[in-house]
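First up is the structure itself, then whatever we jot down about it.
The values are calculated or read from the model by the stated rules, or taken from the named source; none is laboratory data. Everything numeric here is computed off the predicted structure, so don't read it as measured data. So basically every Cβ, Gly included, is an ideal-geometry build from the backbone, and we count neighbours across all protein chains shown.
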Amino acid sequence: MSAAAGAAAAGEGAGRALPGRRPLPLALALAFLACSALAGLLVGPVDLGLGPVARDVASRLPFLGVDSHLSGADSAILWQLRAPRVVLGALVGGMLALAGASYQGVFRNPLADPYLLGIAAGAGLGATLAITWGHGAVGTYDLIPLAAFAGGAAGVVAAYALGHTASTGRSTASLILAGVTVTSFLTAIQTFVQQQHSDSLQEVYSWILGHLDTAGWHDVALVAPYVGASALVLLLHRRVLDVLSLGDEEAATLGVNVARTRLVVVAFATVGTAAAVAISGLIGFVGIIVPHAIRLALGPSYRLILPLSLVGGAGFLVLADVIARTVMAPAELPIGVVTAFFGAPFFAIVLRTSRSFT
Amino acid sequence: MTAISLRDACVSLGGRRVVDRATLVVEAGEWVTLIGPNGAGKSTLLRAIAGLLPFGGSIELDGAPVRRLKRREVARRLAFVPQSPLLPPDLTVREYVLLGRTPHIGQLGAESARDAAAAARALGRLELDALAARPLRTLSGGERQRAVLARALAQEAPLLLLDEPTTALDVGRQQQALELVAELRAGSALTVLSAMHELTLALQYADRIVLLSEGRIVAAGAPEEVATEELISTHYRADVRVLADGEGLVAVVPARRARPG
């Protein structure tokens, strides 16, 4: 082989080896999401049937010229009840998994989840206050997401401020400890308020366990802009998170402004998570299990973990919701119970079969 | 041309002055090695030059004040190899080396074919091609050292800062690591500033030696000028003999003082 041909071959090999350019895993994740979404549209007390649903979906696409055979009531079930629920589940699940992966990257801590910095306790307190004070009053329902969003954001701001003053901004451990402190404090207040108003205990409890059951297009429209903006910014940081895995100091010598990067990633992950939590309550486990399953299968590069967490988390939560509304039908199981009950054994299998865990 | 220029550089850590009015000029293409006892301020000085610590006085890279350079501009001028780099265990060698291209990639961008080619060159020069797809955790100590150097080399900065590049290596590996740096210098106009513990090796590889003691530069010059029994004994608080074989080899050996009786 001539030297030029050898160099060309080496160049090609290097081009192929650029990280984050592996289309197959992403295609599989998208297929998983599509199957989950289809299950979400098909499964329910009224059997709409695969053929009619497919025809109805096709009839809404331009240029196909397909007529729908669904009745008006069936069409309303499909488009006003099931479809928004599937979309909301996808948005919330994708957001929680993406935010969890981002937190894990930015704190270099495998146990970090989107609720790490006090967002869950803050949102829980906000929702509890809205539920108990507005008990029975008109308009309370609209107030809960707002109160949860504000509480969650306030929790993270408090944790960040505390963690920042406690250290010179160099240690992630102090930030995590600040999150623990803020969480304990806000949870104490939340429990106190809850005990004072035992009449609304059931409502508070079911909010905290997480739910997608009130979903309509209105909820989707509330969450989508936050999730969209947050997902965009976080995905743009996927390579920088790989650089941060070398440690703060080395990332700095490679030209990264570590403190600012951490602040931006935490801020956008928080805003997206707060919006998701405001609508659907505290759905646990998604933010930990989905990124780790992807990491164990495909390696530690955030260039794969972030986009796949978004898509995989969406598919996972839509599927969990299908299970939540079928196992005890007509009653619904809180979706947080499903994510943990089915997620934990699945994760145990992934953990056992993977070669290493770091 | 001047690669690094320090004038009265001072660094304080936790209220203690660790580097005290250091003045030093490193010319482009030189290999200068900082020696000195533990806590003399060698690593601290390197980190200040890399822009990682606030400092007093002036530090310039290629005539530009470090304080006014953006992080990315510093990163394009110098590559820093810390004493114990964090190696993400499951990252492959190629992925790791590609991270060295960060200063040349937009904050939110991705590697181009040019970056891949630069990484491939660095892998080639350090003979890591066969290991490129291996996760870092499977490498031996010497291979890790080469991977770290390849990452620094992929940065394509004219200045290389090495903090204790031979720590935790056996004598053969120490020699190989320094020989590698010497080869890299020969192939390009690389300026090297290193901090080292191992005196005899330091003397053999550096063009100039700078002796730091309690934060101050107490001697600087050609290896044989700095490596005197008097200077080393005083500042290391050690009893040493400096042996020369007359062919340019200078060795600093600890010598137990004869005890009466």
As an exercise: evaluate A:Val227 against (1) away from chain B (no Cβ under 11 Å); (2) farther than 23 Å from A:Ala130 by Cβ and give the number of the one condition it does not meet.
(2)
Taking the conditions exactly as written (in a loop (DSSP other than H, G, I, E, B), surrounded by fewer than 16 Cβ atoms within 10 Å (Cβ to Cβ), on the phi > 0 side of the Ramachandran plot and not assigned by TED's automatic domain parsing to the domain that holds B:Arg101), does B:Ala189 satisfy them or not?
no
Consider B:Phe80 against the criteria (1) within 9 Å of another protein chain (Cβ to nearest Cβ); (2) within 29 Å of B:Arg216 (Cα to Cα); (3) surrounded by fewer than 16 Cβ atoms within 10 Å (Cβ to Cβ): it satisfies all of them except one. Which criterion is unmet?
(3)
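Need at least 2 residues that are among the acidic types (Asp, Glu), touching a Pro at 6+ places or on another chain (Cβ under 7 Å) and farther than 21 Å from A:Ala340 by Cβ per element, so show me which helices (runs of 4 or more DSSP H) inside the stretch A:228-289 make the cut, counting only ones lying wholly within it.
It comes to A:248-253.
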Please work out which one of (1) more than 15 Å from the chain's Cα centre (by Cα); (2) surrounded by fewer than 19 Cβ atoms within 10 Å (Cβ to Cβ) is the condition B:Glu179 fails and give its number.
(1)
Please determine whether any residue of the stretch B:84-91 is over 24 Å from B:Thr166 (Cα atoms), crowded, with 17+ Cβ neighbours inside 10 Å and either more than 8 Å from chain A (Cβ to nearest Cβ) or within 21 Å of the chain's Cα centre (by Cα) (or both).
no
Which pairs turn up if I take residues in the stretch B:92-106 that are more than 7 Å from every other protein chain (Cβ to nearest Cβ) and look for partners that are of a type in the set (Val, Ile, Thr) with beta carbon separation below 9 Å, at least 6 apart in sequence or on another chain?
B:Tyr96/B:Val148
So which pairs qualify, if the first residue must be in the stretch B:130-143 and at the interface with chain A (Cβ under 10 Å from one of its Cβ atoms), the second must be among the acidic types (Asp, Glu) and surrounded by fewer than 17 Cβ atoms within 10 Å (Cβ to Cβ), the Cβ gap must be under 7 Å, and the two must be at least 6 apart or on different chains?
none
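Conditions (1) modelled with pLDDT of 85 or more; (2) small (Gly, Ala, Ser), marked per residue:
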site	(1), (2)
A:Tyr103	yes, no
A:Ala112	no, yes
A:Tyr115	no, no
A:Gly139	no, yes
A:Phe149	yes, no
A:Gly152	yes, yes
A:Gly155	yes, yes
A:Ser174	no, yes
A:Gly179	yes, yes
Look at B:Gly57 and say whether it is more than 14 Å from chain A (Cβ to nearest Cβ), surrounded by fewer than 22 Cβ atoms within 10 Å (Cβ to Cβ) and within 28 Å of B:Ile105 (Cβ to Cβ).
no
Could you look through the stretch A:298-323, keep only residues that are within 18 Å of A:Arg22 (Cα to Cα) and free of Cβ contacts under 8 Å to residues at least 60 places away in the same chain, and pick out the one that is surrounded by the most Cβ atoms within 10 Å (Cβ to Cβ)?
A:Pro300
Quick check on A:Ile294: is it surrounded by 24 or more Cβ atoms within 10 Å (Cβ to Cβ) and touching a Lys or Arg at 6+ places or on another chain (Cβ under 7 Å)?
no
